[in-house]
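Here is the structure we will look at.
Derivation of every value follows stated rules applied to the coordinates shown; laboratory data play no part. This one's a predicted model, so the numbers in the text were calculated from it and none came from an experiment. Note: ideal-geometry Cβ built from the backbone for every residue, glycine included; neighbour counts use all protein chains shown.
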There are 4 protein chains.
Amino acid sequence: MAKVLAVHDRREQLLDAALAVFSAEGYSAAKVSDIVGRAGVAQGTFYLYFSSKQEVMLALFERFQAALIEARRAPDQVAPATPAQLRAAMLEKTRAILRAAFAHRPLAALFMKEAMGADPELAGRLREFHQRMADLSEQGLRQAAAAGLIRPVDPRVAALAINGAWERVLTDCLLCSPTDPDVDALAEQIVSLQLDGLIARPTQER
Amino acid sequence: MAKVLAVHDRREQLLDAALAVFSAEGYSAAKVSDIVGRAGVAQGTFYLYFSSKQEVMLALFERFQAALIEARRAPDQVAPATPAQLRAAMLEKTRAILRAAFAHRPLAALFMKEAMGADPELAGRLREFHQRMADLSEQGLRQAAAAGLIRPVDPRVAALAINGAWERVLTDCLLCSPTDPDVDALAEQIVSLQLDGLIARPTQER
Amino acid sequence: MAKVLAVHDRREQLLDAALAVFSAEGYSAAKVSDIVGRAGVAQGTFYLYFSSKQEVMLALFERFQAALIEARRAPDQVAPATPAQLRAAMLEKTRAILRAAFAHRPLAALFMKEAMGADPELAGRLREFHQRMADLSEQGLRQAAAAGLIRPVDPRVAALAINGAWERVLTDCLLCSPTDPDVDALAEQIVSLQLDGLIARPTQER
Amino acid sequence: MAKVLAVHDRREQLLDAALAVFSAEGYSAAKVSDIVGRAGVAQGTFYLYFSSKQEVMLALFERFQAALIEARRAPDQVAPATPAQLRAAMLEKTRAILRAAFAHRPLAALFMKEAMGADPELAGRLREFHQRMADLSEQGLRQAAAAGLIRPVDPRVAALAINGAWERVLTDCLLCSPTDPDVDALAEQIVSLQLDGLIARPTQER
DNA sequence: CATGAATGAGTGTTCATTCAT
DNA sequence: TATGAATGAACACTCATTCAT
């Protein structure tokens, strides 16, 4: 039973099983025996590919982080020079993140649920992740401010607020709605709120 | 040793000890023996006041939720009728929440760290909490929209975005800065972002 | 089942059970579950009294060492001044050690069997034990040499040889003979060999 | 990697690796994976040459035993007839044993450390080994006694004492001194102690 | 009310051994 | 012969919970 697989495949198989189990039970309630049971391999096999339960979790987090950070960073080498470019850029970022999250839905759901309480090592990684996301947003805001595209605000606070906004919207969708939402519409709303604010205005330039 | 205390006091004493231990170790790594050790009572005494480790955690969550929901809901019976009233109201809410969080800093930090991964029961309570907070925000937005104070947006998405914004700012302060920030300034920034948006405008009313 | 006992008694009970199990199975093959099973207590109880399997073994070794070292050292404050006194002193030492060993027969048998292979920590203790025994013997020989009672020999080598002699005799008795031998006769033979040697002599003064 | 070797060589290679690992870690802490790692062959290869971890240990013990027993037995066909011949014979035996031990130092050190605790099967072999060594010594003593060369002593006890003496001296050297001692001088001291005893005598014949 | 010794089910991890290639 | 991935039984240790005093 459980034929010999290429190293990479067996690892993926175990990662998939771990993701399923962690999602269903939570990290600390998840048992290694559940993971191997789901993967259909023996207990010992797990430890050929991961040195501990913690390590699978961290490996899954790498997957998650890679997907989201990549999406956040990707095609943004040109600093926007006009309000329209800024809006387009923010829209693109937001869309990319939401898409990445829904493309890896179980993974994203897992790390929106499991937080810094699960494991000290993971807590550190999560903190780093949030810092890095905030740094990226802050940097974008500084560019936009330098170009006179946005009004003067504390860029750190604004960056955190921006990220918090899509995080909570995302979390809500991931945890509460079984079907993926219209990501483009969602992104548009979020960006519009961030750029234009809520206030009703006589002339809504845009 | 450990004099007989009024039931209420002994319970509080255990809750305080539990808060300290959960904060230091995280929920699942925290041991009941640590809690009673810190409280200076015997192992068995714990179970005179709580039926399980989970129950203390839930009791602490009640404290947390009471503080935040109370702050969020408090003096808001009059629907704002002008932009200035709306801004004042939102400012007041945001301030109240941040103040409550910093007034119960360890509690707030605990529940910003520990998330839905810790315990299924707690996960449910947290979900409810977020729903209730979102409901309150959404309701406020609907009123404001009805009064024509804000432009037409999806109130649920906007509510989530608003809450996510202060949540992340708050989390960042709680976890990264050892000293309490200037809550009023912070609230002002957050509300300004939410109402006015980021876009630089020729005439910045207000 | 298994009533509450005085701390000291429960500890002794576990030490006795551990001794029996270690003797029967050997240290590394012995299971903690065997020990608690034999003691009639629950698995967890073991860890209320010892922090690890290793620790019981070391505690047993303390018992062993205390008994033997005490026997070796005890009533020997006066340096012998005549051949007869020297012989009497050595006889007394040898008797005392053998008696102590047979008085704690299972303990002695255990540590004659288990050697430095069992556990690194125990190996260190055993090494120390042998050194200390050799030191005591060496010291006695130096005194005797200073008093002109023995011929000039390397005292370290002689001390090791003396100790090795009774150790092997003892080990042989412990492992091969189910009943205790005549300790006095044995001691007499050993000491006679050590003092007089094997050589047949015309006049055997003594 | 790891070319096909003659069966004998591959076996030796594994034995050498096993000796190194057992010496470094002790029998029970040693892992088969360490042994094959050190030998540079695959895990499965081990089981082509040995049926179990125990078996390598026993094979090493055969090496050890062969060396020592051979040394002990070797050129001793003529019963000594004079005190000088007896002394020469004992000296030769003792030298031979010590030389053999230091010629196979790691092997000897291993089996002086690992004792009867390591493995039941090995314990039996060790017991046999000691019996055989004692038998050989006893037989020599009986011959010497029959020839009137030694005074009447219990030959078993004397044999054990004699063997215990060089065993402990040997063990001490193996474990405590990194460099080989002067085996001839050592043997001379040991034999002198055994034949002449410690007592200072007016006329020291010899 | 309070104690704290006792419980025992539960779990991560190890490692000798096997066997399909 | 040689490989090394896979196996799975085994075991030390933990800790929430109970209950006799």
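In table form, for the structure just shown:
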item: Loop GluC sites (Glu not before Pro), the range B:134-206 (other Cβ atoms within 10 Å of the site Cβ: 13 or fewer; DSSP); result: B:Glu205
item: Nearest-first distances (nm) between copies at C:Gly40, label 7 Å from Cα via Cβ; result: 4.0, 5.1, 6.0
item: For D:Glu25, inter-copy label distances in nm, listed shortest first [label point 7 Å out on the Cα-Cβ vector]; result: 2.2, 3.0, 3.3
item: Quarter of Cα convex hull surface for the range D:44-83, i.e. mean projection, nm²; result: 4.0
item: Average beta carbon contacts from partner chains per residue of C:148-157, 10 Å cutoff; result: 4
item: Compactness of the range A:59-100 - radius of gyration and Dmax, Cα, Å; result: 12.0, 40
item: Charge-dipole axis of the range C:109-184 as Lys and Arg at +1 and Asp and Glu at -1 on Cβ define it, positive-most pick from C:Ala115, C:Ala165, C:Leu136; result: C:Leu136
item: In the range D:1-68, trypsin sites (Lys or Arg not before Pro) in a DSSP loop with at most 16 other beta-carbon atoms within 10 Å; result: D:Lys3, D:Lys31
item: Taking A:Leu193, C:Leu160 and counting other C-beta atoms within 10 Å, the order from fewest to most; result: A:Leu193, C:Leu160
item: Simple label model, 7 Å out from Cα along Cβ direction - A:Leu175 to B:Arg63, nm; result: 2.2
item: Cβ neighbours within 10 Å from other chains - mean over C:86-97; result: 0
item: Order of B:Val157, B:Val78 under a 10 Å beta carbon neighbour criterion, fewest first; result: B:Val78, B:Val157
item: Rounded D (µm²/s) - the range B:45-168, Kirkwood Rh over Cα pairs, Stokes-Einstein at 10 °C, 1.306 mPa s; result: 100
item: Rotation relating B and C, chain C residue nearest the axis via C-beta, angstrom; result: C:Gly44, 4
item: Residue with peak Gaussian network fluctuation, chain B [Cα springs, cutoff 10 Å], from B:Ile150, B:Ile97, B:Ile162; result: B:Ile150
item: Most mobile listed residue (D:Ala146, D:Ala161, D:Ala89) in chain D, GNM with C-alpha springs under 10 Å; result: D:Ala146
item: Dipole of chain D [Lys/Arg +1, Asp/Glu -1 at C-beta], most positive-end residue of D:Thr179, D:His104, D:Val21; result: D:His104
item: Above-threshold pairs, the threshold being 30 Å between Cα atoms, out of B:Lys113/C:Lys31; A:Lys53/C:Lys31; A:Lys113/B:Lys53; A:Lys31/A:Lys93; B:Lys31/D:Lys31; D:Lys53/D:Lys93; result: B:Lys113/C:Lys31; A:Lys31/A:Lys93; B:Lys31/D:Lys31; D:Lys53/D:Lys93
item: Calculated diffusion of the protein assembly as shown, Stokes-Einstein form, Kirkwood radius summed over Cα pairs, 10 °C and 1.306 mPa s, µm²/s; result: 47
item: Cα-Cα P(r), the range D:140-206, percent of pairs per 5 Å interval; result: 3, 14, 20, 22, 18, 13, 7, 3, 0
item: Relative contact order, percent, chain C [alpha-carbon distance under 8 Å, six or more residues apart]; result: 21
item: 7 Å along Cα→Cβ, label-point gaps from B:Thr82 to other copies, nm, shortest first; result: 3.9, 12.3, 13.4
